[in-house]
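Comments concern the structure below.
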Amino acid sequence: MDTLNRFVSDFNSILWGVFVLIPLLCGTGIFYTLRLRFVQVRFFPLAAKYLLGGATLFGKKADHTGMSSFQALATAIAAQVGTGNVAGTATALVAGGPGALFWLWLAAFFGMATIFAEAVLALTYKDYDAEGRAVGGPAYYITKGMGSRFKPMAYFFSVAIIIALGFIGNMVQSNSISLAMQNALGAPLWLSGLVTAVMAGFVFFGGVSRIACVTEKLVPLMAVTYLLGGSFVLICHASEIVPAFELILTAAFNPEAVGGGALGFTVAKAMQYGVARGLFSNEAGMGSTPHAHAMAKVEHPAEQGLVAMFGVFATVLVVTFTGLVILVTGVLDYQTTGIELTQRAYDLDFGRFGSLFVAVCLFFFAFSTIIGWYFFGAQNVVFLAGSSALGFYRAAVCAFILVGAMLKVDLVWSLADLFNGLMVIPNLIALLVLNKVVAASLRDFEAKLKACGH
């Protein structure tokens, strides 16, 4: 088992390193930024208008034919804003130094163009199953957009995402919840796992309408709560905010100037950990969020593409607040890492309530990710085996959640990273091959805006 774990870990270090997925994902983001003439800048105000115009905690009930634009975005953000935004940010700061945050922002900027393309393709090639349920995602735009001869690539993607997110990934999220609750409240691991599995099952078996109903309320609530808590800490250390930004920018290009040389930090290291964490947290280019955006009921695919960019923006806000809180409180010792470092930062101003606050936020982040990842996997179960297999899939995911809460096996975490990486490759191939479709959709959207006098 140790040998297998080392092999998978070594393979992941190459797959997620500076020569494979990082340049591929960043390169795709840069390509689409140029191809779409900086769509994330030109249309950001209009995207905000669409978002705010459709943002509501009590949207029209979703059904098998789809959901509102905001509900689709909320379902996507539910998956994007997870434990990595709280614990993973701390890990990136410790491994890459404060400069990692700058490279994370840069990766997110280009990622907004990538996720626009994913949403456009998801809606352009959405489909309906035998029972009239709306379905979509990379497997669908690979087969419908690239042709039936690429169906094996679509099958590969579907299997990889079901394993990566639906099963193994949700074990990781469940384990994060159980450990946080054990540290904060002394709750037994099995109890946290059971409660999480029962709550998740209630949502799963309610279908699309219940998933949309939960995410449209849970996502804004958890995001606002966490950002308010972070704002309180930042206000308490207001004089340190500007120096923190200066530290981030200096460390991004000259780590030695802020003492990083003694810790072994380099620009390459800051870039690697920042970009990797950014790509992993916002999921742009990974092929996960298109499943949610394919369900949106909108007049034009590009409209949802613009709204989808706010999913990346939301993750940047959460990650930035986490990083700033750690930096302004001065708890970064380059030894403590993960959720423990984040909790230590909040403890400084919240007292013992700080650890509990982070644990509760972590629960909501992880639980929302479980819902989102289940849904993404479900779309691919339908693609592979039809809707009749959903009952078995729901029960299996609940079982994985329960078991994951009680396990502490490094191999499980390594396998999650492995399958996450493997599912990216076919999605990126499809994004690049179908770039003309995305560009044509944006041109058509712009033409219609001009015709309407916008």
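The values are calculated or read from the model by the stated rules, or taken from the named source; none is laboratory data. Computed from a predicted model, the values in this text were never measured in an experiment. Backbone-built Cβ (ideal geometry, glycine too); neighbour counts: all protein chains shown. In case anyone asks, the SASA skips ligands and DNA or RNA and just uses the protein heavy atoms, side chains included. Shrake-Rupley method; radii C 1.70, N 1.55, O 1.52, S 1.80 Å.
When only Cα pairs under 8 Å and 6 or more residues apart are kept, what is the percent relative contact order across segment 151-271?
The normalised contact order for segment 151-271 reaches 9 percent.
For the pair segment 4-55 / segment 321-398, the C-alpha centres are spaced 20 Å from each other.
Just to confirm my numbers, what's the Cα centroid distance between segment 124-145 and segment 64-123 in Å? Cα centres, segment 124-145 to segment 64-123: 23 Å. Remark: the residue 148-residue 13 segment gains 45.3 nm on full extension, using 0.36 nm per residue and subtracting the alpha carbon distance. This model, with +1 at the C-beta of Lys and Arg and -1 at the C-beta of Asp and Glu, gives segment 298-454 a dipole about its Cα centre of some 320 debye.
Can you list residues whose amide H is under 5 Å from residue 135's amide H, if they're 5+ apart or on another chain and H is modeled 1.01 Å from N? Sorted by chain and number, the residues that satisfy this are 127, 128, 129. Of the GluC sites (Glu not before Pro) in segment 210-306, the ones in a loop by DSSP (not H, G, I, E or B) with at most 15 other beta carbons within 10 Å are 299. State, as an integer percentage, the relative contact order of segment 54-209 based on alpha-carbon contacts under 8 Å between residues 6 or more apart. Reported relative contact order: 20 percent. With point charges of +1 on the Cβ of Lys and Arg and -1 on the Cβ of Asp and Glu, referenced to the Cα centre of the chain, which listed residue (11, 175, 300) lies farthest in the positive direction of the dipole? Working it through, the farthest residue towards the positive pole turns out to be 300. Taking all protein chains as they are arranged and a probe of 1.4 Å, the heavy atoms of residue 425 leave approximately 70 Å² accessible to solvent. Over every pair of different alpha-carbon atoms in the chain, take the mean of 1/r and invert it; report that Kirkwood radius in Å. Evaluated on the chain, it is 21.9 Å. In the assembled protein chains, residue 210 presents an accessible area of approximately 80 Å² (probe radius 1.4 Å). Say R0 is 25 Å: what FRET efficiency, to the nearest 0.05, do residue 392 and residue 190 get from their beta-carbon distance? Once rounded, the FRET efficiency stands at 0.60.
Evaluate the charge dipole of the chain about its Cα centre and quote only its size in Debye, nearest 20, assuming +1 on the Cβ of each Lys and Arg and -1 on the Cβ of each Asp and Glu. It would help to have the intermediate numbers written out before the result.
Working: 25 positive and 22 negative charges, 234 e Å.
Computed about the Cα centre, the dipole is about 1120 debye.
Here the spin labels are modelled as points 7 Å beyond Cα on the Cα-Cβ line, and at residue 245 and residue 336 they lie 2.7 nm apart. Once both labels are positioned 7 Å from their Cα atoms along Cα-to-Cβ, the gap between residue 232 and residue 48 label points is 2.8 nm.
As a fraction of the 1.4 Å probe accessible area of the chain, surface on carbon and sulfur atoms comes out at 68 percent.
Stokes-Einstein D for segment 40-181 at 25 °C, 0.890 mPa s, Kirkwood Rh over Cα pairs, in µm²/s? The estimated diffusion coefficient comes to 136 µm²/s. Residue-wise HN-Hα couplings along segment 165-180, as the Karplus relation 6.51 cos²θ - 1.76 cosθ + 1.60 with θ = phi - 60° gives them from phi, are 9, x, 9, 5, x, 6, 5, 5, 5, 4, 5, 4, 5, 5, 5, 5 Hz; Gly and Pro carry x. Mean separation of Cα pairs under 8 Å and 6 or more residues apart, divided by the residue count, gives the chain a relative contact order of 36 percent. Annotation: residue 167 carries an accessible surface of approximately 40 Å², with a 1.4 Å probe and no ligand, DNA or RNA atoms counted.
Note on residue 198 and residue 384: with the Förster distance fixed at 35 Å, the Cβ-Cβ geometry gives a FRET efficiency of about 0.80.
Modelled this way, with points 7 Å down the Cα-to-C-beta line, the labels at residue 348 and residue 3 are 4.7 nm from one another.
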